[in-house]
Each structure stands twice: as C-alpha cells, then as structure tokens.
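Below is one structure, written out as structure tokens; the observations come after it.
The values are calculated or read from the model by the stated rules, or taken from the named source; none is laboratory data. It should be emphasised that the depicted structure is a prediction, and the values quoted were computed from it without experimental measurement. Glycine gets a Cβ as well: all are built from the backbone with ideal geometry, and neighbour counts include every protein chain shown.
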Amino acid sequence: MSHQQLIDEWVNRLLEDSALLRDLQRDLLDLRKDGPHGQRTPAKTHLTLCRLARRSVKAASSKVRSLHIGGAI
C-alpha cells in the first residue's frame, strides 16, 4: 500500500468518524431538549458514544498528521 493510499484510508476514517460524532451530538441535543426525566439512560449512552467518537476522530487526525509529517506525500 502506498503512502497516498494510507493517507486516503485515514482521511476516510476521519470523515466517517466526524460524521458519526455530529449525528450523535445532534441526537444528544434532541434528548436533552425532551427533558431530564426518562431520558437519562439514553443521554448517558449518547454522551459515552460521543466521547468514543471524539477519541476516534482525534486518533485519525493524529495519524493523518503523522503521515504527512513523516514524508508520506
């Protein structure tokens, strides 16, 4: 696999994880608008998923950055 293909793969992961994070954040906002009662468990679940997605985005971003710095292009 060439360096450019590696970068493309990680950029795709970054974009997919970013889209997932945005969707989860929108869902979390909707859950919070509905009120606190009866929504705590789904809100906690979405908050946890947002944190995991945010970590994935950071990891993918870091990998893309290191590939660029490492002379991949």
Cross-chain or 6+ apart pairs with Cβ under 7 Å, region 1-14 first and without any contact (Cβ under 8 Å) to a residue 60 or more places away in the chain, then part of a helix (DSSP H, G or I) and exposed (fewer than 15 other Cβ atoms within 10 Å of the Cβ): none
Return yes when Ile7 is outside any helix (DSSP H, G or I), at pLDDT below 90 and out of contact with any strand residue (DSSP E or B) (no Cβ under 6 Å at 6 or more places or on another chain) and no when it is not. no
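Looking for whichever is part of a helix (DSSP H, G or I), on the phi < 0 side of the Ramachandran plot and modelled with pLDDT of 85 or more here; the options are Ala43, Ala19. Which one fits? Walk me through it before giving the result.
Numbers: Ala43 fails: modelled with pLDDT of 85 or more.
Testing whether each residue is part of a helix (DSSP H, G or I), on the phi < 0 side of the Ramachandran plot and modelled with pLDDT of 85 or more leaves just Ala19.
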Scanning region 1-23 residue by residue, those aliphatic (A, V, I, L, M) and over 15 Å from Lys63 (Cα atoms) turn out to be Met1, Ala19, Leu20, Leu21
